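The values are calculated or read from the model by the stated rules, or taken from the named source; none is laboratory data. Quick caveat: nothing in here was measured; it's all calculated off a predicted structure. Here the Cβ positions follow ideal geometry from the backbone for every residue, glycine too, while neighbour counts run over all protein chains shown. These accessible areas exclude ligands, DNA and RNA; they are computed on the full protein's heavy atoms, side chains included. Shrake-Rupley method; radii C 1.70, N 1.55, O 1.52, S 1.80 Å.
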Amino acid sequence: MKFLLDTDHASVLQRASSKDAENILKRMQECSRDDFSLSIIGFHEQVKGALDILSQANDKASKLQSGYSLLFGILNAYKNAKILPFDARALEIYDRLSQEVRITKRMRMDFRIASIAIAHNLVLLTRNARDFEWVPGLRIEDWTQ
């Protein structure tokens, strides 16, 4: 069984001092590093969050430092990871899902991540089960507990 980390699990791991991160890392140690992937969608979400902080910084030193620190951490987390693209197969699944379920603007990124997981037959690791409950055929687990 192989896994795709949702953006929330990736974010938790970047804050490695939390109990949730400890729980995820403990479970990950039971598997091979090759069993885990990130998605280009998660990268998009995390970079967008860091850029939002920077665009609102208005030259405030603490916000600038925080935003650039976050962006640097994201770069480091993703540079050595296996990152899955939003390829033709994922797009096909996303299009099918959007015909089966009315995908709202808030749901788009989650459904794109779910489409990648389904395309690669991966279990999605997420704390946000209710965000994905409408995705038929998606297997999810929460490793923060």
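Suppose we filter ILE103, ILE116, ILE93 for residues that are within 23 Å of LEU13 (Cβ to Cβ), surrounded by 15 or more Cβ atoms within 10 Å (Cβ to Cβ) and β-branched (Val, Ile, Thr); which single one remains?
Going through ILE103, ILE116, ILE93 in turn, the sole match is ILE116.
What are the residues in segment 107-136 that are over 23 Å from ARG27 (Cβ atoms) and among the aromatic types (Phe, Trp, Tyr), if any?
Within segment 107-136, PHE111, TRP134 meet the criteria.
Whether any residue in segment 102-124 is among the β-branched types (Val, Ile, Thr) and over 23 Å from SER37 (Cα atoms) is what I want to check.
Yes - at least one qualifying residue is present in segment 102-124.
With respect to the numbered conditions (1) over 18 Å from HIS9 (Cα atoms); (2) open to solvent by 70 Å² or more (accessible area, probe 1.4 Å); (3) among the polar types (S, T, N, Q), which one is the sole condition not fulfilled by ASN80?
(1)
Can you name every residue in segment 63-109 that is in a helix (DSSP H, G or I) and in contact with a strand residue (DSSP E or B) (Cβ under 9 Å, 6 or more places away or on another chain)?
Once the filter is applied, which keeps residues that are in a helix (DSSP H, G or I) and in contact with a strand residue (DSSP E or B) (Cβ under 9 Å, 6 or more places away or on another chain), segment 63-109 yields ALA77, TYR78, ALA90.
Given the residues ARG102, ARG96, ARG112, ARG89, which is the only one that is at pLDDT 95 or above and more than 28 Å from ALA50 (Cα to Cα)?
ARG89
I need a count of the residues in segment 13-40 that are within 28 Å of LEU91 (Cβ to Cβ) and touching a strand residue (DSSP E or B) at 6+ places or on another chain (Cβ under 9 Å).
7
Does segment 52-65 include one or more residues that are at negative phi, among the β-branched types (Val, Ile, Thr) and open to solvent by 40 Å² or more (accessible area, probe 1.4 Å)?
The answer is yes; a qualifying residue exists.
Looking only at residues in segment 119-137 that are more than 15 Å from GLY42 (Cβ to Cβ), in a loop (DSSP other than H, G, I, E, B) and modelled with pLDDT under 95, which one is most open to solvent (accessible area, probe 1.4 Å)?
TRP134
Tell me, which residue of segment 1-49 that is surrounded by fewer than 14 Cβ atoms within 10 Å (Cβ to Cβ) and hydroxyl-bearing (Ser, Thr, Tyr) is modelled with the highest pLDDT?
Applying the filter and picking the extreme gives SER32.
In this structure, does ILE113 turn out to be closer than 21 Å to ASN128 by Cα and outside any loop (DSSP other than H, G, I, E, B)?
yes
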